[in-house]
Amino acid sequence: MKVLFIGGTGIISSACSRLAVARGIELYHLRRGQTTRAVPAGIQVLLGDIRDPLSARRALGDRQFDAVVDWVAFTPEHIETDLALFADRTRQYVFISSASAYQTPPANLPVTESTPLDNPFWAYSRAKIACEERLLRAYRAEKFPFTIVRPSHTYDRTLLPCHGGYTVIDRMRRGKKVIVHGDGTSLWTLTHHEDFAKGLVGLLGHSRAIGEAVQITSDEWLTWDQIHHLLARAAGTRAHIVHLPSEVIALHDPDWGAGLLGDKAHSMIFDNTKIRRLVPDFAAVIPFSRGAEEILGYFDADPARRAVDPGLDALMDKLVGIAESLRTAAP
C-alpha cells in the first residue's frame, strides 16, 4: 500500500509510522520540517504545510494514495482543507478523532462506538465532534471514503499521564502530597502507543472500515489512585495522595479543570469488540505497570527532562491545603 501521514512523528503517530514501515507499507509524511523524534528509515518526507493548501498541493504533486491519515486535524476548517485536497487522491481518509467526544459523563459503560457524541465541557471535544459530523455529510453527499478513529488516553515513554508532568513525580520523590481529582476511584484507560498502532495500521486499506467509526484502546482499567501509585513505584518512591473535587480544581486552574470536567473526572472504559472484529490480530498487551517504568526510565536518563514548574508546584501546595481544610471541616 501507498499511505500518507499528515504529521507522523507525534506520540501516537510515531509508533504507527514504525509499524507501517515494518509491514512493508510505502509511507509518506507530509510535514513542515524537522522533528525531535527519530524517523524510521524508508519514509519519504514531503515538505509542506497542511495549513497552507498551496504549500500542501505543491508537496503532494500528482501523487495518489491508498490511504491518508490526518493526525493534526482539530477543527471543521481543517476537514474542509482535507476534503478539497484528497477527494480525488485517496481511497481512504482516516480522521483521528478523540474518545473525549463521547457523552460526558457517560450514561452507560463500557463505551461503544454507538455511544452518543456529546461533551458540553470541553471545546476541544466539541470541535472533534463537528469534524466527524462534517465527514458524515461528505460521505452521504459525495461518498467521501472516511474512517474515523477514536483514541482514548494514548501515551509513550515521553508522556506522564497526570496533569503537571514531571512536577508530580518530583513532589512524590520529595515526599510531598499530590492531588488526585475526585475520590481517586474513577476508572481510566491508558493505551500504549505501540498497542494502538496495531489497530490503526490494521485499518489502513480496509474496505469494511469505510464509513465507520472505530475506537482503539487498551482493555486495562485503572483508578487514578492506582495510576499514581504505579508511577510512584516506577520512580522508586511512594505517592501520598490528597483528593479534591474536580470542580474545586477548576476554580483555581481553569485549564486543568477543563481537562477534568470534560474528560478525566468520569470513568471511561471501552468495548473494543469492533476493532478486534475488523483487525483480528489487534491486542493491547502492554500494561501500564510496564509503561510507567518506560516513562520514568526516559525522564531519569536526562536531567533536562526533569523540569519542575514552580508555579504549578505552588498551586499544588495551595490545593493540598484546601483539600485538607475541607477534610477537617467535614462532619
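What follows is calculated from the coordinates using simple rules that are stated; it is not laboratory data. Computed from a predicted structure; not experimentally measured. Neighbour counts run over all protein chains shown; Cβ positions are idealised from the backbone, glycine included.
Convex hull volume of the Cα atoms of the chain, normalised per residue: 138 Å³. For region 232-331, the equivalent ellipsoid derived from the alpha-carbon gyration tensor has semi-axes of 32, 22, 14 Å in decreasing order.
Helical runs (DSSP H, four residues minimum) scored at -39500 (n - 2.57) apiece and divided by the length of the chain put the mean residue ellipticity at 222 nm at -12000 deg cm²/dmol. For the chain, averaging the sequence separation of C-alpha pairs within contact (under 8 Å, six or more residues apart) and dividing by the residue count gives a relative contact order of 18 percent. Summing Lys and Arg as +1 and Asp and Glu as -1 over all other residues whose Cβ lies under 11 Å from the Cβ of V279 gives a net charge of +4. Stokes-Einstein, applied to the Kirkwood radius of region 94-202 over Cα pairs at a viscosity of 1.306 mPa s and 10 °C, places its translational diffusion at 97 µm² s⁻¹. For region 92-181, the set of GluC sites (Glu not before Pro) satisfying both a DSSP loop assignment and a count of at most 12 other C-beta atoms within 10 Å is empty. 3J(HN,Hα) along region 25-39: 6, 7, 9, 10, 10, 9, 8, 7, x, 6, 9, 7, 8, 5, 9 Hz, from the Karplus curve 6.51 cos²θ - 1.76 cosθ + 1.60 with θ = phi - 60°, whole Hz, x for Gly and Pro. With 5 Å bins beginning at zero, the pair-distance distribution over Cα atoms of region 201-270 amounts to 3, 12, 14, 15, 16, 14, 9, 7, 6, 2 %. Rg/Rh for region 18-63 (Cα atoms only, Rh after Kirkwood) is 1.01. How far is helix 193-203 tilted off the main Cα axis of the chain, in degrees rounded to 10, range 0 to 90? It is inclined by approximately 30 degrees. Over region 1-134, the pair-distance histogram of Cα-Cα distances with 5 Å bins from zero comes to 2, 10, 19, 20, 18, 14, 10, 6, 2, 0 percent, rounded to whole numbers. The three principal axes of the Cα atoms in region 166-234 give end-to-end lengths of 53, 22, 16 Å, sorted in falling order. Projected onto planes of every orientation and averaged, the convex hull of the alpha-carbon atoms in region 114-270 covers 10.2 nm². In terms of packing, defined here as the mean over residues of other Cβ atoms within 10 angstrom, the peptides 4-13, 204-213, 67-76 line up highest first as 4-13, 67-76, 204-213.
Of all lysines in the structure, those lying under 30 Å Cα to Cα from K177, and not within fewer than 8 positions of it along the same chain, are K264, K318. Karplus-based coupling profile of region 139-150, in residue order and whole Hz: 5, 5, 7, 10, 6, 4, x, 8, 10, 9, 10, 10, with θ = phi - 60° in 6.51 cos²θ - 1.76 cosθ + 1.60 and x standing for Gly or Pro. Taking amide hydrogens as placed 1.01 Å from N in the peptide plane, the amide H of A284 sits under 5 Å from those of D219, each at least 5 positions away in sequence or on another chain. Close amide H partners of V111, meaning residues 5 or more places away or on another chain with modelled amide H under 5 Å apart, are I269, F270, D271. Listed by chain and number, the lysines placed with their C-alpha closer than 30 angstrom to that of K2 are K128, K143, K198, K274; residues fewer than eight positions away on the same chain are left out.
Of the trypsin sites (Lys or Arg not before Pro) found in region 111-170, those in coil by DSSP whose Cβ has at most 14 other Cβ atoms within 10 Å are K143. Region 71-126 and region 199-235 have Cα centres separated by 16 Å.
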